[in-house]
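Student: Questions regarding the structure given below will be posed in turn.
The values are calculated or read from the model by the stated rules, or taken from the named source; none is laboratory data. Keep in mind the model is a prediction, meaning the values are calculated, not measured. All Cβ positions, glycine included, derive from the backbone under ideal geometry; neighbour counts span all protein chains shown. What goes into the accessible areas is simple: the full protein's heavy atoms, side chains included, and nothing from ligands, DNA or RNA. Shrake-Rupley method; radii C 1.70, N 1.55, O 1.52, S 1.80 Å.
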Amino acid sequence: MSDTNVPTLAELFGPNPPTNWGRWGAEDEIGTLNYLGPKEALKGVAEVKTGESYTLQIQMGWDDERGDPVWPGRPQIERKNVRDAEVWARGETGLDPYPGGLTDADDVATIALQGSTQYDALGHTWYDDQIWNGYDSQTTAGALSKASILPIAEHGIVGRGVLIDMARHRGKDVLDKGETFTHEDVLAAAEAQGVEIRPRDILVIRTGFIGSWYSRQPEEFFADFIEPGLTYSRELVEWFQSMEIANLVTDTIANEVTTDPESGVLLPLHAAFLRNLGLLMTEMTILDELAEVCSADGRWSFLYTAAPLKVVGGTGAPVNPVVIR
Ligand code: UVW
């Protein structure tokens, strides 16, 4: 026990926690993405019936005053034009006019790579000095030399996605702050929706929380900050492992209830999933429109594709997943 009476992650998980270390070799950096090959891509394609497509990324730089719903302490995106009609007119581009008269607008942005809809690198979070697959946590210093977002981005993510609308299942637009659910709740919601969660699926879970950012005041959204989400248990981690779930996608900033209500540990599933299972995590998607159309025709499975940016050494990367139904 630490002096706060909150157990360490190792204490919480107990002896021999579920792990996939070594499963894909000592050099692996993509974890459960190994589950997604051509066969799984075709299982996703088989779900396409009408060809409609939906994007799951939130807008970057939605509102200058309120900003985007980033994890407390992370900076907002700062985007600014370096060339546009006015800059050209003032002669401040530092360039000669382009031969032929072409004129352009150009901009630069400073962004937190974890500050929008994003894939986490497997080396993003750890405990006890080891990241995914047993690599030393010192490999994260300066830039991730192991288990960065790059190999995930080089691979891309394509497979059968299934949406579980936990908010709708509980008769709400948005789950409450700190409201938890388990894999058994997910299975019950799937049954109620009439959809099967299959091995190697990309599991997409809607809470309504990110969507609610756009109609709530930031002070209220972040007050006593605790998101709704999955809550840790060994059985839950074993279920994800035995189902070979390839990717967990949610519409919350951190994919799980922020603080485990029983132990007080912050984000234990980040440790159990990213570090121990090598399970891909995708955060801050917006799922409200997708949930509406799935609910309207009762089809909750689809082709899911995503291509996070190829950031060398990155702890994560922004992404705009595309779902095709
Ligand atoms: C933290 O890193 C705290 O959370 P996330 O993975 O949601 O970015």
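Student: Taking the conditions exactly as written (open to solvent by 70 Å² or more (accessible area, probe 1.4 Å), more than 20 Å from the chain's Cα centre (by Cα) and either within 21 Å of ASN276 (Cα to Cα) or outside the structural domain of LEU33 (by TED's automatic domain parsing) (or both)), does GLU191 satisfy them or not? Working first, answer last.
Tutor: Working: open to solvent by 70 Å² or more (accessible area, probe 1.4 Å): yes; more than 20 Å from the chain's Cα centre (by Cα): yes; either within 21 Å of ASN276 (Cα to Cα) or outside the structural domain of LEU33 (by TED's automatic domain parsing) (or both): no.
For GLU191, the condition - open to solvent by 70 Å² or more (accessible area, probe 1.4 Å), more than 20 Å from the chain's Cα centre (by Cα) and either within 21 Å of ASN276 (Cα to Cα) or outside the structural domain of LEU33 (by TED's automatic domain parsing) (or both) - is not met.
Student: Oh, and also: Show the residue pairs that are 6+ apart or on different chains and have beta-carbon atoms under 6 Å apart, the first residue being within segment 147-170 and charged (D, E, K, R), the second being open to solvent by less than 10 Å² (accessible area, probe 1.4 Å).
Tutor: Partner pairs satisfying both residue conditions: ARG160/GLY44; ARG160/ASP201; ASP165/ALA291.
Student: Mind listing whichever residues of segment 267-325 are of a type in the set (Ser, Thr, Tyr) and either open to solvent by 10 Å² or more (accessible area, probe 1.4 Å) or out of contact with any helix residue (DSSP H, G or I) (no Cβ under 8 Å at 6 or more places or on another chain) (or both)?
Tutor: Residues satisfying the conditions are THR282, SER295, SER301, THR305, THR315.
Student: Let me ask something else about it. Answer yes if at least one residue in segment 60-73 is open to solvent by 30 Å² or more (accessible area, probe 1.4 Å), at pLDDT 95 or above, of a type outside the set (Ser, Thr, Tyr) and more than 22 Å from ASP107 (Cβ to Cβ), and no otherwise.
Tutor: Yes, because at least one residue in segment 60-73 is open to solvent by 30 Å² or more (accessible area, probe 1.4 Å), at pLDDT 95 or above, of a type outside the set (Ser, Thr, Tyr) and more than 22 Å from ASP107 (Cβ to Cβ).
Student: To continue, here is another question. VAL174 - would you say it is within 27 Å of MET60 (Cβ to Cβ), modelled with pLDDT of 95 or more, of a type in the set (Val, Ile, Thr) and more than 16 Å from the chain's Cα centre (by Cα)?
Tutor: Working: within 27 Å of MET60 (Cβ to Cβ): yes; modelled with pLDDT of 95 or more: yes; of a type in the set (Val, Ile, Thr): yes; more than 16 Å from the chain's Cα centre (by Cα): yes.
So VAL174 passes the test.
Student: Still on this structure, please answer the following. How many residues are closer than 13 Å to PRO69 by Cβ and either part of a strand (DSSP E or B) or out of contact with any helix residue (DSSP H, G or I) (no Cβ under 8 Å at 6 or more places or on another chain) (or both) if we restrict to segment 205-218?
Tutor: Number satisfying all stated conditions: 7.
Student: Hey, can you tell me all the residues within segment 122-145 that are surrounded by 22 or more Cβ atoms within 10 Å (Cβ to Cβ) and more than 16 Å from the ligand (Cβ to nearest atom)?
Tutor: ASN133, TYR135 - these are the residues of segment 122-145 that are surrounded by 22 or more Cβ atoms within 10 Å (Cβ to Cβ) and more than 16 Å from the ligand (Cβ to nearest atom).
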